[in-house]
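The values are calculated or read from the model by the stated rules, or taken from the named source; none is laboratory data. Since the model is a prediction, treat every value here as computed from it, not as a measurement. When we count neighbours, we look across all protein chains shown, and the Cβ atoms used for this are built from the backbone with ideal geometry, even at glycine.
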Protein chains: 2
Amino acid sequence: MDKKEGFKSSLKVYKGIPQPPSINPDVLTKSGHKRRKKYSADEFVSGILAGNRTILSQAITLVESSLPEHYETAQVIIEKCLPFSSKSIRIGITGVPGAGKSTFIETFGLYITGEGRKLAVLTVDPSSQLSKGSILGDKTRMEQLSIHPGAFIRPSPATGALGGVARKTRETIILCEAAGFNTVLVETVGVGQSETEVHSMVDFFLLLMLAGGGDELQGIKRGIMEMADMIAITKADGANKLFAENTRVSFENALRFFPKKTSGWVPQVHTCSALANTGIKELWEIIIEYSAFTRNSGYFETFRKEQAVIRMHNTIIEYLNNSFYNHKEVRSLVPEIENQLYEGTITSYKAAIKLLDKYFKRHTE
Amino acid sequence: MDKKEGFKSSLKVYKGIPQPPSINPDVLTKSGHKRRKKYSADEFVSGILAGNRTILSQAITLVESSLPEHYETAQVIIEKCLPFSSKSIRIGITGVPGAGKSTFIETFGLYITGEGRKLAVLTVDPSSQLSKGSILGDKTRMEQLSIHPGAFIRPSPATGALGGVARKTRETIILCEAAGFNTVLVETVGVGQSETEVHSMVDFFLLLMLAGGGDELQGIKRGIMEMADMIAITKADGANKLFAENTRVSFENALRFFPKKTSGWVPQVHTCSALANTGIKELWEIIIEYSAFTRNSGYFETFRKEQAVIRMHNTIIEYLNNSFYNHKEVRSLVPEIENQLYEGTITSYKAAIKLLDKYFKRHTE
């Protein structure tokens with residue numbers, strides 16, 4: 001299927017989104033090679049608001065760029081898109097190894113797009129720098145969804161620290177929503193810290209688990225169970241169906257031993273099968289129910305605002321941290337101080353003060 | 001019972017601890033009032049190592065002091081005591097409201113001292129600044145333990161931020177251990193953050209819960225269940241006994257749904273009654289078993305070393321944080337920036353950069 005054609009035809013479904021502007025994203029160089037046109041921030045914004053995917057993709061590339069000349073333009077684009085980013089539902093998805101996350105997202109995503117929604121799938125994977133991005137990987141693992149006109153799949157930016165990856169994902173959410181994607185799935189790779197980051201940028205957190213007696217929990221990191229608004233036991237098909245159902249009951253009992261959620265929402269446990277395409281519709285309906293429940297109570301809006309404030313403070317703390325630990329003299333002193341701590345010849349407090357003195361260049365004996 | 005007498009007689013039990021030095025802790029002023037003698041750091045250290053409680057108490061007061069002239073002496077004392085602080089077991093205790101923490105510590109503490117161990121009971125309570133310390137309170141709520149010659153009870157320092165309170169508690173642990181207290185109970189008031197702090201300073205974490213069907217968990221903060229090495233269902237006596245036993249089974253099932261502990265230890269759930277004095281001995285035996293298990297695997301030592309490194313980094317982060325948020329211009333700008341975030345007119349990242357620019361005094365438009 002021709003992607004541009006598909007996108008245009010899908011536009012008819014989503015009224016109110018104007019046609020893409022007549023900006024030709026590619027111009028030919030003298031040698032006949034295509035060269036990307038350099039858009040102004042305003043051109044980017046109107047292209048995004050018009051739902052032009054090529055321009056959206058280029059804007060995301062700009063957001064992901066670490067070049068200083070890209071930074072300013074990216075920030076202007078994001079800020080202009082910000083007012084258009086609120087009419088959406090953002091869903092975080094993680095799962096234990098083997099839960100079949102990609103297959104689930106493929107089936108779940110196709111259901112959601114089938115409901116007439118526009119879906120963006122983003123990934124937070126601080127380890128993806130190893131493979132320098134994985135566009136092909138993502139397109140392969142979600143074969144049908146990746147070519148679906150109502151879906152937009154974007155892999156994790158292939159850059160450095162988690163904080164950076166997470167920020168770029170947050171900013172990408174804004175751009176996608178401004179481009180008309182009203183449903184955003186943010187997938188994490190299950191390395192613990194990334195789930196906390198994702199929890200701070202989504203409205204609803206879905207955890208995929210396997211049927212089992214508890215041992216399968218070895219793959220799950222601290223605190224993730226407590227974040228879940230819904231647990232889906234995957235692969236509930238064939239001989240595994242009854243087993244999955246028993247696991248569902250166990251999880252429901254276990255969840256009673258977790259602290260109450262501030263949203264007032266009681267986390268749900270359900271079984272599903274991406275293979276047999278069962279339980280998928282039900283999961284989506286619960287997310288819709290959650291959205292209605294929290295929008296009604298006002299929590300939905302309040303939580304998004306709180307998330308923004310929390311993320312600002314997290315960004316500050318991360319920056320202060322980096323500034324400290326990348327300080328040349330601090331960096332060269334840390335191993336020696338840590339050694340003293342291991343040998344028990346210095347207190348943690350004194351050790352901290354010694355390093356802080358180096359950073360703030362105060363006199364120390 | 002005369003406390004000094006009691007202490008002296010208890011010394012006979014604990015061989016290897018020398019007699020207190022002939023330092024008279026109190027000298028008379030001209031007006032006949034007692035005045036504290038000013039010890040040198042070395043006098044403090046030898047007094048502490050000799051197990052002199054009056055000197056220990058004064059050293060702790062020095063550690064808790066916020067006066068700059070006390071700081072240097074306190075740090076010298078702590079560092080000299082550090083090598084004597086490793087032959088101990090440190091137990092963190094917290095509980096849901098109504099679990100009867102004080103009564104439990106009284107009974108449990110009397111059992112431990114009855115086993116010939118020397119017990120220090122410390123409290124981490126960042127809210128105690130309101131009551132400006134609670135020595136009398138603590139002595140009242142642990143009536144027998146507070147006058148027991150083998151026990152030393154010290155309430156939370158009545159000063160400011162949690163980080164400060166926690167640091168002082170850590171340093172007090174070192175002094176108590178150097179004074180021969182080989183068992184340390186660190187009690188928290190259950191405000192969430194303080195448990196995490198205490199978890200970073202103890203070897204074993206005990207959680208006190210009430211019998212119930214899950215609703216009683218409302219009083220427990222996020223992440224605390226996952227920290228527990230043992231859960232004790234208290235008040236398992238009389239008509240409540242069977243109920244407590246059922247709750248024990250539920251908790252055991254629920255714990256299977258928590259991530260495995262890095263120590264390799266499988267958390268235990270037991271019932272006990274401080275009133276009927278049942279289950280207390282068993283709890284203590286499990287702590288001994290834990291100590292043997294983790295010392296044998298090497299985890300005990302490794303964990304203490306890691307705790308010291310983690311605490312150093314936490315202290316640094318806290319300091320950087322305070323330095324930032326107490327910065328005059330930052331402080332006056334925060335409300336305005338948070339407002340912009342609430343109105344959705346600025347991204348979290350841009351908001352953070354604006355504040356960081358103020359702090360680092362860089363030029364900003």
Whichever residue in the stretch B:304-330 is more than 19 Å from the chain's Cα centre (by Cα) and among the hydrophobic types (A, V, I, L, M, F, W, C) and, among such residues, is farthest from the other protein chains (Cβ to nearest Cβ): B:Val330
Candidate set: the stretch B:82-113, residues that are at the interface with chain A (Cβ under 10 Å from one of its Cβ atoms) and buried (at least 16 other Cβ atoms within 10 Å of the Cβ); chosen: the one nearest to B:Ala211 (Cα to Cα): B:Ser85
Leading residue by the ranking (farthest from A:Met312 (Cα to Cα)) among those in the stretch B:280-303 that are in contact with an Asp or Glu (Cβ under 9 Å, 6 or more places away or on another chain) and within 14 Å of another protein chain (Cβ to nearest Cβ): B:Phe300
Pair list, Cβ under 7 Å, 6 or more apart: the stretch A:253-276 residue more than 17 Å from A:Phe205 (Cβ to Cβ), other residue surrounded by fewer than 21 Cβ atoms within 10 Å (Cβ to Cβ) and basic (Lys, Arg): A:Thr271/A:Arg248
Whichever residue in the stretch B:121-132 is in contact with an Asp or Glu (Cβ under 8 Å, 6 or more places away or on another chain) and of a type in the set (A, V, I, L, M) and, among such residues, is modelled with the lowest pLDDT: B:Val124
Within the stretch A:288-302, tally of residues that are surrounded by fewer than 18 Cβ atoms within 10 Å (Cβ to Cβ) and not charged (D, E, K, R): 8
Residue check for A:Tyr319: under 17 Å from B:Thr315 (Cβ atoms) and either of a type in the set (Gly, Ala, Ser) or not assigned by TED's automatic domain parsing to the domain that holds A:Thr262 (or both): no
Helices (runs of 4 or more DSSP H) wholly inside the stretch A:1-95 that include at least 2 residues being modelled with pLDDT of 50 or more: A:41-49, A:53-64, A:68-81
Within the stretch B:220-250, tally of residues that are surrounded by fewer than 21 Cβ atoms within 10 Å (Cβ to Cβ) and over 24 Å from B:Ser200 (Cα atoms): 12
Close pairs from the stretch B:283-305: first touching a residue at least 24 places away in the same chain (Cβ under 8 Å), partner crowded, with 16+ Cβ neighbours inside 10 Å and β-branched (Val, Ile, Thr), Cβ under 8 Å, at least 6 apart: B:Trp284/B:Ile112; B:Ile287/B:Ile89; B:Ile287/B:Ile91; B:Ser291/B:Ile89; B:Phe300/B:Thr294; B:Phe303/B:Thr294
Whichever residue in the stretch B:241-264 is among the polar types (S, T, N, Q) and either more than 13 Å from chain A (Cβ to nearest Cβ) or assigned to a helix (DSSP H, G or I) (or both) and, among such residues, is nearest to the chain's Cα centre (by Cα): B:Ser263
Unique match (being modelled with pLDDT of 95 or more and under 25 Å from A:Leu356 (Cα atoms)) among B:Leu355, B:Leu320: B:Leu355
Looking only at the stretch B:133-156, and only at residues there that are at pLDDT below 70 and of a type outside the set (Val, Ile, Thr), the one that is surrounded by the most Cβ atoms within 10 Å (Cβ to Cβ): B:Asp138
For A:Pro267: the one exception among (1) under 25 Å from A:Gly114 (Cα atoms); (2) within 14 Å of chain B (Cβ to nearest Cβ); (3) under 21 Å from the mean Cα position of the chain (by Cα): (1)
Condition met for B:Tyr325 (touching a Lys or Arg at 6+ places or on another chain (Cβ under 6 Å), without any contact (Cβ under 8 Å) to a residue 24 or more places away in the chain and either under 28 Å from B:Ile233 (Cα atoms) or surrounded by fewer than 17 Cβ atoms within 10 Å (Cβ to Cβ) (or both)): no
